Structure formats: structure tokens, C-alpha cells
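None of the figures in this text is laboratory data; all of them are computed from the coordinates on show. All values derive from a computational prediction rather than experimental measurement. Virtual Cβ from ideal backbone geometry, glycine too; neighbours counted across all protein chains shown.
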Amino acid sequence: MTKKEVDEIILKWALDNARKHEGKANPGAVIGKILSESPELKSRLKEISPKVQEIVAEVNSLNIDLQIEKLQDIAPELLEEMRVIRKRDVALIVLVDNEGRIILQLRDEKAPRFPGYWGFFGGGIKPNETPVEAVKREIKEELSINLRDPKLVFKLNYKNDLSYGTKFYFVEHWSDKTKLIQKEGKDMNWFFLDEIKNLKIAKHNKMVFEELKKVLNKD
């Protein structure tokens, strides 16, 4: 087996392991997969181990979207045959100020999905937690405020390469901006809905903003 072929095998299993573990591959697990596929490499373990460490470090420096994209290019069968998808429901908040603007978070470059994109504050719903309990907890953690009366305005089922479930969107009017202290993400800002089209946002959120226009126009 040539050096190039060995490198390709290492990269394949490093990418597959990383996308299953929130973007961080484990060198030991990668070596296990390599030897399972190509037992003849066991005699070259001392030679390939440093290369595994090097390629795993490179893979772990990528965000999950790029890892999946690269794996799709070199071993698409792994995404079909070995896909590990977990159920993850999400609670998100749309804070609206007195002028009708909503607050968005700019995800930092280390975010596991959509780094550098604008999106909503919120996060995953824990077991035995209701959506409203989750959104209150998440916003306390992310913005240091206690939501008073978040209203559920709509739900959206979703599915991607890592998870599937339901996203619960809540709205609450908020006027005291001095209390907002951002603890997650790169930045935050208030935007009119018509301004959002000029932002870098995920494709699935574009539909959400259209729904928000209908909801907020009723208020």
C-alpha cells in the first residue's frame, strides 16, 4: 500500500470519527478503524501513528460542516451506511425591542455548525425539560437575563447529518437592553427584519424569518 493510499485511509476515518463526536476525532479510535479495514498495516503502526496524529489535528481544526463536506467527497458511503443521528429538540428565542427589531447572535469561528453566521439565541432541550423551561435556562446562560413570558409562536421539524427533532421558536418583547450580557458567540446586534436579508444566515433560517414577519406584524 502506497503512502498516498495510507494517508487517504487515515483521512477518511479521521473525518468519520470527528463528525460523530462533535468535530473532534480521537487518534486511538481512528487507528482502530484503520487496522480493522487494513490489518496488514499493523506491522507499520510505528510508521503511521505520527501521521494519524498529524491528520487528526488537521481534521479537528475544521468545523463540522467542512468535515462532512470532505467526507462526502472521499467516502460518501460512510454518511449513508454509518450515519449516527441523535434526536435533539431545540428552544430558541426571538427578543423584540420597542422599535420592532430582533436580536441575533453572530456565531464564532469555533461553532460546530455554521461558524460566522448570524442566528438565534437558544439551545438544546434537556431530558425531562419542557421547551419553555429550556428557553428560559438557555437565555439565562447566554444573555444573563430572566425571560418573563416567552410565547411559543411556531415549531419547525428539522433533520441534518448530526441530529433531528423539533425547533421551538419563542417571542418576547424586551426593552431593557442594558441587562443583556452576551456569554456565547462572537457578537450580537438588533436588526429590523428587512435588514436580515443582507446578513450571512443559514438557508433554513430564511424561511423562519418569513414566518416571523407574519407573527410580528400581527402584534
Computed log₁₀ I(q)/I(0) - Debye formula, equal Cα scatterers, no solvent, region 114-170, q 0.24, 0.28 Å⁻¹: -1.15, -1.33
Among 53, 182, 171, whose Cα projects farthest towards the positive end of the dipole of the chain, with charges put on the beta-carbon of Lys, Arg (+1) and Asp, Glu (-1)? 171
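Using Cα-Cα distances under 8 Å and only pairs 6 or more residues apart, what relative contact order does the chain have, in percent?
On the way: 332 pairs, mean separation 43.6, N = 219.
In percent, rounded to a whole number, it is 20.
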Taking the mean number of other Cβ atoms within 10 Å as a proxy for protection, how do you rank 87-95, 133-141 from highest to lowest? 87-95, 133-141
For region 3-81: relative contact order, % (alpha-carbon pairs under 8 angstrom, 6 or more apart): 39
Between 0 and 90°, nearest 10: helix 64-74 axis offset from the chain longest Cα axis: 40
In whole Hz, what ³J(HN,Hα) sequence does region 49-54 give by Karplus (6.51, -1.76, 1.60; θ = phi - 60°), x for Gly and Pro? 4, x, 5, 4, 4, 5
Specify which residue in the list 43, 76, 29 is farthest towards the positive end of the charge dipole of region 3-81, using unit charges on the beta carbon of Lys, Arg (+1) and Asp, Glu (-1), about the Cα centre. 43
Connecting C-alpha atoms closer than 10 Å in a GNM of the chain, tell me which of 73, 16, 97 has the biggest fluctuation. 73
Full-extension gain in nm, residue 98 to residue 199, via 0.36 nm per residue minus C-alpha separation: 34.2 nm
Considering the Cα trace of the chain, what is its radius of gyration and what is Dmax, both in angstroms? 21.2, 70
Return the long-range amide H neighbours of residue 90 (sequence gap of 5 or more, or a different chain), with a cut-off of under 5 Å between placed amide H atoms. 125, 166, 167, 168
Peptides 55-63, 192-200: what's the order by average Cβ count within 10 Å, highest mean first? 55-63, 192-200
For region 1-80, place one equal point scatterer on every Cα, skip the solvent, and apply the Debye formula. What is log10 of I(q)/I(0) at q = 0.14, 0.24 Å⁻¹? -0.39, -1.13
Note down the magnitude of the dipole of the chain about its Cα centre, charges +1 on Lys and Arg C-beta and -1 on Asp and Glu C-beta and zero elsewhere, to the nearest 20 debye. 340
With each run of n ≥ 4 DSSP H residues scored as -39500 (n - 2.57), what mean residue ellipticity at 222 nm is computed for the chain after dividing by its residue count and rounding to the nearest 500 deg cm²/dmol? -13000 deg cm²/dmol
Using 0.36 nm times the number of residues separating residue 85 and residue 24, minus their current alpha carbon distance, what extension gain do you get? 20.3 nm
Estimated FRET transfer efficiency (residue 33, residue 155; beta-carbon r; R0 45 Å; 0.05): 0.75
Under 5 Å from the placed amide H of residue 114, counting only residues 5+ away or on other chains, we find 65
Along each principal axis of its Cα atoms, how long is region 97-219 end to end? Whole angstroms, biggest number first, please. 38, 34, 29
Each residue of region 27-43 in order: what ³J(HN,Hα) in whole Hz does its phi give by Karplus 6.51 cos²θ - 1.76 cosθ + 1.60, θ = phi - 60°, with x for Gly and Pro? x, x, 5, 5, 4, x, 5, 4, 5, 5, 7, 10, x, 5, 7, 4, 6
